[in-house]
Amino acid sequence: MKIWIDADACPRVIKEIVFRASERLELPVCLVANSGLSKHHSRLISSVVVAEGFDAADDYIVQQASSQDLVITADIPLAARIVEKGGIALEPRGELYDEENVGERLAIRDMMQELRGAGMIQGGPGPFSTTDRRRFASSLDSLLTRMVRGRR
């Protein structure tokens, strides 16, 4: 089992929570990004910088991740691809993407994109909060506990 982080837009605090869980449970983590990443001082943490390009990091994660792995991403299309492949994806605000909700989340994302493009609404999600951080930490802890025990 491995944890993959779609690292370009992942908040630093979320990465730190994942790193602590990685050390506690002895789970490898791989950060994937289009640009350089800071060095890490753990044998369990690696990083991959992919070529610049639309969805290059997403494509790499989908190719490399197995169904036993966890992918941390706010990118709903990437989450949909992971779930379709049989994997598990968790959003940095703590929501688990699964077969039951990822299609709906993708449809809402597409609709919001169309509304923004038409000028009918503006903006995106609110700022990342302490509540978001706590929700993610709680979701990650319970999910990893189940995964380590062989349950999803």
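Numbers for the structure displayed
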quantity: Angle in degrees between helix 12-25 and the longest Cα principal axis of the chain, rounded to the nearest 10; calculated: 30 degrees
quantity: Interatomic Cα distance distribution for the stretch 48-90, bins of 10 angstrom, percent; calculated: 31, 57, 11
quantity: Principal semi-axes in Å for the stretch 1-67 [√(5λ), Cα gyration tensor, largest first]; calculated: 20, 14, 10
quantity: For Val29, residues with placed amide H under 5 Å, excluding near neighbours; calculated: Ile3, Ile45, Ser46
quantity: Accessible area of the chain belonging to carbon and sulfur atoms, whole % at 1.4 Å probe; calculated: 51 percent
quantity: Extreme residue, positive dipole direction of the chain, given options Leu37, Ile108, Leu27 (C-beta unit charges); calculated: Leu27
quantity: Residue-averaged 222 nm ellipticity for the chain, from DSSP H runs of 4+ at -39500 (n - 2.57), nearest 500; calculated: -14000 deg cm²/dmol
quantity: Label-point gap, in nm, between Val148 and Phe128 - each point 7 angstrom along Cα→Cβ; calculated: 2.4 nm
quantity: Stretch gain in nm, segment Phe54-Ala118, where the contour uses 0.36 nm per residue and the Cα spacing is subtracted; calculated: 20.8 nm
quantity: Pairwise centroid distance, computed over Cα atoms, of the stretch 2-21 with the stretch 29-86, Å; calculated: 10 Å
quantity: Mean separation of Cα contacts under 8 Å, 6 or more apart, over the residue count of the stretch 1-147: relative contact order %; calculated: 21 percent
quantity: Estimated inter-spin distance, Leu25 and Gln63, nm [label 7 Å along Cα→Cβ]; calculated: 2.7 nm
quantity: Rg ratio (alpha-carbon, reference 2.2 N^0.38 Å) - the chain; calculated: 1.03
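The values are calculated or read from the model by the stated rules, or taken from the named source; none is laboratory data. Just so it is clear, the structure is predicted and the values come from calculations on it, not from any experiment. In this analysis, Cβ positions are derived from the backbone assuming ideal geometry, glycine residues included, and neighbour counts consider all displayed protein chains. Only protein heavy atoms, including side chains, enter the accessible area calculation; ligands, DNA and RNA are left aside. Shrake-Rupley method; radii C 1.70, N 1.55, O 1.52, S 1.80 Å.
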